[in-house]
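Have a look at the structure below, then the notes.
The values are calculated or read from the model by the stated rules, or taken from the named source; none is laboratory data. All values derive from a computational prediction rather than experimental measurement. Reconstructed Cβ throughout: ideal geometry from the backbone, glycine too, with neighbour counts over all protein chains shown. To get the accessible areas, we keep the full protein, side chains included, count just its heavy atoms, and leave off ligands, DNA and RNA. Shrake-Rupley method; radii C 1.70, N 1.55, O 1.52, S 1.80 Å.
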Amino acid sequence: SCALSPIESKTKMKYFRSALATLALAPAAAVGQKLPSYLRSKQQKRTTGGRSLVLAGCPGEEDFSVTFSKHCNYINLRDKIFSIKSSSCTAADADSLIIDLVGAASREEAEAIVTGLCEDAYANSNETFAFSEITRKGNEFDNEYYSGGTYWNYEIQTDSGKNILKNDASRVRRIYNYEAQHKMIDLPTNLESFDPEGNDCDHNAAFCCWVQDRQAGDNNGNCNTPYDSQCIDKDPGDNANFCYTDHSRSTPASHVSGGFSLFSDVTNDSRENIEGPIHCHGFAWADDVTDVSNVYKGNNLFFVSMYDHMHQRGYVRNAPGSAMCGCAENMAVVTRADCTEISAAETFKFDYDSASATVSGVLTQVRDLNFNSCQGANNRNNDLEAYMQRLVNEGRVPQEKLDSLRETLVGATRGNCNRAVESFMATKGYVKSAASMAAGDAESGGEPVVEAIDITYDKASEGGDGANMPEVPSDTADGSETVAKTKPEPVEEVSEGTDETVVTPAEASAETETGLKGAGESCSHKWECMSNSCLGSGVCGKMTAFSTGTEGECVAEGVSCNSNTNCCSNLCGGKPRVCGGARM
């Protein structure tokens, strides 16, 4: 219980009633959440002043609700509310109506209030999925994975069939089929290897760099069969150069408090690519927390790091002194990185409570997410720095964040990597001699120095600046690929004024991905089967009966087991051995 002192004003009491009314309209998950300060002030104005314009016959005289399947912003909410007005409504236009409803004095003020309402609509939503639930192996495993460790990174398949990546990380595919395309996943800023400062990434960008390929048959990298002789220390498709790593930038990942590693010959610009093939890929997001790129940045991290590159392509391991994946400011300094952006199909519901004169909303469904090659500035696609430039051009990110990012992504032009190394070494008291500088200048040619050697990237204009991101390899027997997407797929909008067709996650994912198969269904590999068993007759076997499981069922996590095939998670480990048991 609480009591207001006599000196507190009636205005504060009215705001208190307004906040309770707003929370009453929101889902249970929103109770206890504090409204943004700008929204609290506007809600207070709405309850103290009543309907400012008293627009007769217009929405707002009684309670109402609207639902729309477009992105949440001022224009879409405004137009939807205006579409339900009666013919007797005296509002001059759509702006006048929503300005009155939210208690604003101008369109600019109304836009700020609606941005707050959209922010709350995401915060109030139950359409969420915790990043920690992806592996279900705990923070220690996740932290080590993004450092470049754990058996997902270290192990290589054997000719005898041990350490098969698609078996060991089978949960990754299941998360991609469902939650990754139909839920909001948080960015794991709690993982020190990914974000040592826990500040949501200073530059609004993150990327991964891999140095090894551990999977054959996917047309990516040069790992081949037989595994025991043709997949030892094999390389990913080369799309970038390492310049240097400052170990202090990623101490939690490297477990070293200081020092540095150089990957360039500063005496010769023609020898910047001395580290061998590496592959870098990332994503960026807008400042606005309601921007799709920001809302689903955790989904993008999962797709880039775990699904697209590790599970599907077999790209693993980190460079010495750097995390495998992390906020850009904590990663190794490199020339460039490929880039993925997200398009989203969403549905929102907004309620107006005439008694308290408040508007509240909630994201009711993430109908589908598409992962696409970034469309960058100046037609430079599939390039992280160019995509960040586009965000700046569109006013979604300030110039200073792009400038900071360019200190990590220095550009693929010949000589840029060496110049970055020289600048870094100068901070340590080392200066290049005049003779070396002259030799370096003579070698500089102003041309990109990274050539893609990966088969898939050869098909996609070598995977560099201006190229399209190669399609994720499909799980086919012969490792063949589908055609690469060339532009972000348009998101289909549901026609207003008609009954919406609700697509379940299972239905939506079935349009693009083949789920794990049940007993008796045809198969080519055991990883296609829920039972992890493809019989000699070419059909999936039944789930192994074990412990509390019965025939046709798998065993839940925490139940004793003998092998991976007993478990729904396809992981039997720990001491004693249980399904889902830790294995580092």
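Ranked from highest to lowest mean number of other Cβ atoms within 10 Å per residue, what is the order of the peptides 223-236, 356-369, 138-151? Walk me through the numbers on the way to the answer.
Working: 223-236: 16.4, 356-369: 22.9, 138-151: 19.6.
Ranking, from highest mean packing down: 356-369, 138-151, 223-236.
Of the accessible area of region 141-194, with the probe set at 1.4 angstrom, what percent is carbon plus sulfur?
On the way: 700 of 1620 Å².
The computed percentage sits at 43.
Mind listing the phi-derived Karplus ³J(HN,Hα) values for region 209-217, rounded to whole Hz, using 6.51, -1.76 and 1.60 with θ = phi - 60°, and x for any glycine or proline?
Each residue of region 209-217 in turn: 10, 10, 10, 9, 10, 10, 9, 9, x Hz.
Strictly over 31 Å apart at the Cα level, which of 166/349; 162/297; 166/297; 137/297; 137/234 would you flag in this model?
On the way: 166/349 39 Å; 162/297 34 Å; 166/297 24 Å; 137/297 21 Å; 137/234 27 Å.
Among 166/349; 162/297; 166/297; 137/297; 137/234, the Cα-Cα distance tops 31 Å for 166/349; 162/297.
Which value does Rg/Rh take for region 190-321 over its C-alpha atoms, Rh per Kirkwood? Kindly include the intermediate steps, with their values, before the conclusion.
Details: Rg = 16.5 Å, Rh = 16.4 Å.
A ratio of 1.01.
For a Förster distance of 22 Å, can you work out the FRET efficiency between the beta-carbons of residue 425 and residue 378, rounded to the nearest 0.05? Display every interim value, and only then the final one.
Numbers: r = 32 Å, r/R0 = 1.44.
Efficiency for this residue pair is about 0.10.
Provide the three semi-axes, in whole Å and in decreasing order, of the ellipsoid equivalent to region 349-401 as defined by the square roots of 5 times the Cα gyration tensor eigenvalues.
37, 17, 7
Would you please report the Å³ per residue occupied by the convex hull of the alpha carbon atoms in region 106-183? Please report the intermediate quantities before stating the final value.
Working: hull volume 10.2 nm³, N = 78.
Convex hull volume per residue, Cα atoms: 131 Å³.
Give me P(r) over region 112-155, computed from all C-alpha to C-alpha distances, binned every 10 Å, as integer percentages.
Per 10 Å bin, starting at 0, the Cα pair percentages come out as 24, 30, 19, 20, 7, 0.
With a 1.4 Å probe and every protein chain left in place, work out the accessible area per residue of region 284-338 in Å², rounded to a whole number.
Values: 660 Å² over 55 residues.
Averaged over the residues of region 284-338, the accessible area is 12 Å².
Which order do peptides 397-404, 328-335, 255-262 fall in by mean Cβ count within 10 Å, highest first?
Values: 397-404: 15.9, 328-335: 26.2, 255-262: 13.1.
Ranking, from highest mean packing down: 328-335, 397-404, 255-262.
At what distance in nm do the modelled label points of residue 349 and residue 61 sit from each other, each positioned 7 Å from its Cα along Cα→Cβ?
For residue 349 paired with residue 61, the spin-label model returns 2.6 nm.
Ranking request for peptides 66-79, 158-171: highest mean number of other beta-carbon atoms within 10 Å first, then the rest in descending order. Each step should come with its number before you reach the end.
On the way: 66-79: 19.1, 158-171: 16.4.
Put in order of decreasing packing, that is 66-79, 158-171.
Convert each backbone phi in region 272-286 into a coupling constant with the Karplus relation 6.51 cos²θ - 1.76 cosθ + 1.60 (shift: θ = phi - 60°), then list the ³J(HN,Hα) values in order as whole Hz, x for Gly and Pro.
Values per residue, Gly and Pro as x: 7, 9, 8, 7, x, x, 9, 9, 10, 8, x, 7, 9, 8, 6 Hz.
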